[in-house]
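Q: Input: one structure, supplied below.
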Amino acid sequence: MIRKIRIILEMIKFEHTIFALPFAFMGAILGAVVMEQRLPSWAEIGWVTLAMVGARSAAMCLNRLIDAAIDLRNPRTSNRAIPAGLLKSAEVLLFTIVSFVLLFIAAANLAPLAMKLLPIAVVMLVLYSYTKRFTWLCHVFLGLTIGLSPLGGWVAVTGGFNTAAWVFYVTIALWIAGFDIVYATQDYEFDRKEGLNSIPARFGVAKALWIARSFHIVTAVGFVTLFLMTNLSWLYLLGTVLAIIMLFYQHWLVRPNDLSRVQLSFFGMNGTLSVVLFLFAIIDLMVLHKW
């Protein structure tokens with residue numbers, strides 16, 4: 001059992017929860033400060049954490065189940081747990097159900113609006129794995145889905161949202177969509193061969209990278225706009241500058257004729273970016289504003 005759980009956690013890249021979890025915390029804390037002039041309780045932070053873990057685990061397991069046949073045909077993914085025979089589909093399905101139950105329990109212990117909006121989140125979590133079968137906007141849909149993490153954190157603690165919350169949501173959605181486009185360049189030839197939809201398959205690698213850069217320009221503008229709309233001060237702005245530098249450094253790493261550093265760009269830089277911006281924002285709110 002322990003071995004199976006370890007394989008599942010490796011399959012869903014559990015450690016990559018770091019991409020979205022800091023922004024979920026940031027949404028919860030910033031929302032509470034901006035809308036209610038308080039910090040979230042430790043209980044609220046705990047339930048937000050469990051909701052995020054449940055949502056991401058369920059989504060990744062579903063993705064591996066839904067894409068198992070495609071993963072088997074793709075040389076890059078053929079060694080994943082299900083195609084390689086390390087896990088049975090029924091085992092992954094059981095873990096998916098447990099993850100959704102965890103998400104449901106966590107949502108039930110947060111603001112009532114979180115529970116009311118939960119069906120929308122579940123539908124998006126399920127649907128995004130199918131989008132590459134019918135639209136090259138699959139990266140945007142993925143961004144809108146994972147972008148629910150900061151918006152969800154905000155709503156879960158405050159029971160509502162304002163314009164700043166929506167700015168934060170769109171900013172993170174385009175950040176996710178942009179680096180997913182970069183990641184998808186690895187499967188450019190396979191996607192075209194299989195008739196799968198993606199921005200690289202539709203427009204080519206070079207144009208896809210420019211589209212990703214355009215998304216990240218909007219992301220940079222969104223981070224600055226959030227500074228202008230909230231109580232955040234110069235310390236958050238400093239973190240934003242560092243985040244923007246990292247954001248565009250990853251595009252310097254990846255070239256149309258050299259995709260060898262996509263993994264470094266995708267995992268290393270983006271994980272660091274989310275942690276850095278979160279830490280600067282939280283220190284800003286808790287130290288300079290004495291929350």
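The values are calculated or read from the model by the stated rules, or taken from the named source; none is laboratory data. Keep in mind that what you see is a predicted model, and the values were worked out from it rather than measured. Ligands, DNA and RNA are excluded from the accessible area calculation, which covers all protein heavy atoms including side chains. Shrake-Rupley method; radii C 1.70, N 1.55, O 1.52, S 1.80 Å.
Q: Sorted by accessible area (1.4 Å probe), largest first, how do 35, 1 line up? Kindly include the intermediate steps, with their values, before the conclusion.
A: Working: 35 75, 1 170 Å².
Greatest to least solvent exposure: 1, 35.
Q: Report the gain in length on full extension from residue 127 to residue 233: 0.36 nm times residue separation, minus Cα-Cα distance, nm rounded to one decimal.
A: On the way: separation 106, 0.36 × 106 = 38.16 nm, distance 3.83 nm.
Separation in residues times 0.36 nm, less the Cα-Cα distance, equals 34.3 nm.
Q: From the mean inverse distance of alpha carbon pairs (Kirkwood) and the Cα radius of gyration, derive Rg over Rh for the range 223-264. Walk me through the numbers on the way to the answer.
A: On the way: Rg = 14.3 Å, Rh = 11.9 Å.
When Rh is taken as the Kirkwood radius, the ratio is 1.20.
Q: How many lysine pairs does the chain hold where the Cα atoms are under 28 Å apart and the two sit 8 or more places apart or on different chains?
A: Qualifying lysine pairs in the chain: 10.
Q: Further, regarding this structure: How would 196, 226 line up by accessible area, probe 1.4 Å, largest first?
A: Numbers: 196 25, 226 0 Å².
Of 196, 226, the descending order of accessible area is 196, 226.
Q: Thinking of the range 39-140 as a set of Cα atoms, what percent of all their pairs are more than 15 Å apart?
A: Details: 3433 of 5151 pairs.
For the range 39-140, the share of Cα pairs beyond 15 Å comes to 67 percent.
Q: Could you please put 129, 233 in sequence from largest to smallest accessible area, using a 1.4 Å probe? Numbers along the way, then the final one.
A: Values: 129 0, 233 25 Å².
My answer, sorted largest first, is 233, 129.
Q: At a probe radius of 1.4 Å, what is the per-residue accessible area of residue 163, in Å² to the nearest 10?
A: Roll a 1.4 Å probe over it and residue 163 shows about 90 Å².
Q: Quick one: what Rg and Dmax do you get for the range 120-250 from the alpha carbons, in Å?
A: Rg, Dmax (Cα atoms, Å): 16.0, 50.
Q: Provide the per residue accessible area, probe 1.4 Å, for the range 207-291, rounded to a whole number of square angstrom.
A: Details: 4080 Å² over 85 residues.
In whole numbers, the range 207-291 has 48 Å² accessible per residue.
Q: In units of 2.2 N^0.38 Å, what is the alpha-carbon radius of gyration of the chain? Don't skip to the answer; put the middle values down first.
A: Values: Rg = 18.8 Å, N = 291, 2.2 N^0.38 = 19.0 Å.
Cα Rg divided by the expected 2.2 N^0.38 Å: 0.99.
Q: Which angle from 0 to 90°, rounded to the nearest 10, does the C-alpha axis of helix 234-253 make with the longest principal axis of the chain?
A: 10 degrees
Q: Return P(r) of the range 192-251 (all Cα-Cα pairs; 10 Å bins starting at 0; whole %; ordered from short to long distances).
A: Reading upward from the zero bin: 20, 36, 23, 15, 5, 0.
Q: Quick one: pull the percent of accessible area on the chain belonging to carbon and sulfur, 1.4 Å probe, ligands and nucleic acids left out. List each step's numbers first, then the result.
A: Working: 9240 of 13020 Å².
Within the chain, the accessible surface is 71 percent carbon and sulfur.
Q: Per 10 Å bin, what is the whole-percent P(r) computed from every C-alpha pair distance within the range 168-220?
A: 29, 48, 20, 2
Q: Then there's this: With the alpha-carbon atoms as the only input, what is the per residue convex hull volume for the range 24-68 in Å³?
A: Values: hull volume 2.6 nm³, N = 45.
Expressed per residue, the convex hull around the Cα atoms of the range 24-68 is 58 Å³.
Q: Right, something else. Could you give the length gained on full extension between residue 38 and residue 203, defined as 0.36 nm per residue of separation minus the Cα-Cα distance, in nm? Could the numbers behind the result be given before it?
A: On the way: separation 165, 0.36 × 165 = 59.40 nm, distance 4.69 nm.
The residue 38-residue 203 span can extend by a further 54.7 nm.
Q: Probe 1.4 Å, all protein chains in place: accessible area of residue 4 in Å², nearest 10?
A: Counting only protein heavy atoms, the figure is 60 Å².
Q: Once every DSSP H run of n ≥ 4 in the chain is given -39500 (n - 2.57) and the sum is divided by its residues, what mean residue ellipticity at 222 nm do you get, rounded to the nearest 500 deg cm²/dmol?
A: Values: 14 runs with 206 residues, N = 291.
Calculated at 222 nm, the ellipticity per residue is -23000 deg cm²/dmol.
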